[in-house]
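The values are calculated or read from the model by the stated rules, or taken from the named source; none is laboratory data. Everything quoted here is computed from the prediction, not taken from an experiment. Don't worry about glycine lacking a Cβ; one is built from the backbone with ideal geometry, like all the others, and counts go over all protein chains shown. Note: areas computed on protein heavy atoms with side chains; ligands, DNA, RNA excluded. Shrake-Rupley method; radii C 1.70, N 1.55, O 1.52, S 1.80 Å.
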Amino acid sequence: MKYIMKAGTLYFNDIVSARIKGALTSSEKKIYSVNSSVPMRTNIANLGVPSNETRNVRHHQYILFDGNGNKYAVAKPDYAEEDDPTVIGWPLCRMPRVDHAKVVFNKNEYLLTMQNNQNYILSDKFDKAVIQIFHRGLVGGWNIEVMSDFLPELICGIFVFCRYIEQENEFLVV
């Protein structure tokens, strides 16, 4: 199935399937389906972060909550293999690059991989792509190809997780 994401709205065959809305001051995003008034939501949780490791992404968790506030999907980001600070140490002038996250939903494990800042792939445990997200270039928006039967709200949640990975890689200004 082929979707298009434009300005926070997910379209299937030019019909709105879901919408993402968020506040500028928060990482929380709300995902509205076309047939439900109770939105799902995403956020970034910090897990027991020691004060000297507040920027260590291994202490972050991206969470997609269902309309009742229960965890629907959880992603744990991690550093690119060539940038792993436990192997090469912490860089002096930048943060280590994050390029993937382990995603769990419906008791299944997936790997969300950032190929570059415009292409993402969600793969199952057999390394088969189940969702591919590609930037559309100058026309704007994103093409999303879904190889399995996923809810539009979950597709939006995975898209938000991609944006969270991008956020982890933004240059930190002090």
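Rounded to the nearest Hz, the phi-derived 3J(HN,Hα) couplings of segment 11-22 under the Karplus curve 6.51 cos²θ - 1.76 cosθ + 1.60 (θ = phi - 60°) are 10, 10, 6, 6, 10, 5, 9, 6, 9, 10, 9, x, where x marks glycine and proline. Across the chain, Cα pairs under 8 Å and at least six residues apart give a relative contact order of 19 percent. Helix 152-168 axis versus longest C-alpha principal axis of the chain: approximately 20°, rounded to the nearest ten. For residue 115, the residues whose modelled amide H falls within less than 5 Å of its own, excluding neighbours fewer than 5 places apart on the same chain, are 120, 121.
Modelled this way, with points 7 Å down the Cα-to-C-beta line, the labels at residue 25 and residue 59 are 2.4 nm from one another.
Listed by chain and number, the lysines whose C-alpha is less than 25 Å from the C-alpha of residue 6, apart from same-chain residues fewer than 8 away, are 21, 29, 30. Between 129, 45, 101, where does the largest GNM mean-square fluctuation fall for the chain, given springs only between Cα atoms within less than 10 Å? Looking only at 129, 45, 101, the largest GNM fluctuation is found for 45.
Under a point spin-label approximation (7 Å from Cα along Cα-to-Cβ), what is the residue 6-residue 35 distance to one decimal in nm? Between residue 6 and residue 35, the label points sit 2.5 nm apart.
Taking the helices alone, the chain has a mean residue ellipticity at 222 nm of -3500 deg cm²/dmol, built from -39,500 (n - 2.57) per DSSP H run of at least 4 residues and averaged over all its residues.
I need the chymotrypsin sites (Phe, Trp or Tyr not before Pro) found in segment 95-131, filtered to DSSP loop residues with at most 12 other beta carbons within 10 Å of theirs.
126
Annotation: per residue accessible area for the chain equals 58 Å², rounded to a whole number [probe 1.4 Å, protein chains only].
Fully extending the segment from residue 166 to residue 134, taken as 0.36 nm per residue of separation minus the present Cα-Cα distance, adds 10.1 nm. Relative to the 2.2 N^0.38 Å rule of thumb, segment 1-43 has a C-alpha radius of gyration ratio of 1.20. Of all lysines in the structure, the ones whose alpha carbon falls short of 19 Å from that of residue 2, not counting any fewer than 8 places away in one chain, are 128. Across segment 73-88, computed HN-Hα scalar couplings (Karplus, 6.51 cos²θ - 1.76 cosθ + 1.60, θ = phi - 60°) run 8, 9, 10, 10, x, 8, 6, 4, 3, 6, 10, 4, x, 6, 9, 9 Hz from first to last residue, x flagging Gly and Pro. Taking the Cα centre of segment 73-152 as reference, the dipole from Cβ charges on Lys and Arg (+1) and Asp and Glu (-1) amounts to some 220 debye. On the chain, 51 percent of the accessible area sits on carbon and sulfur atoms, based on a 1.4 Å probe.
Between beta-carbons, use under 13 Å as the cut-off and find the net charge around residue 119, counting Lys and Arg +1, Asp and Glu -1. With Lys, Arg at +1 and Asp, Glu at -1, the neighbours total -2.
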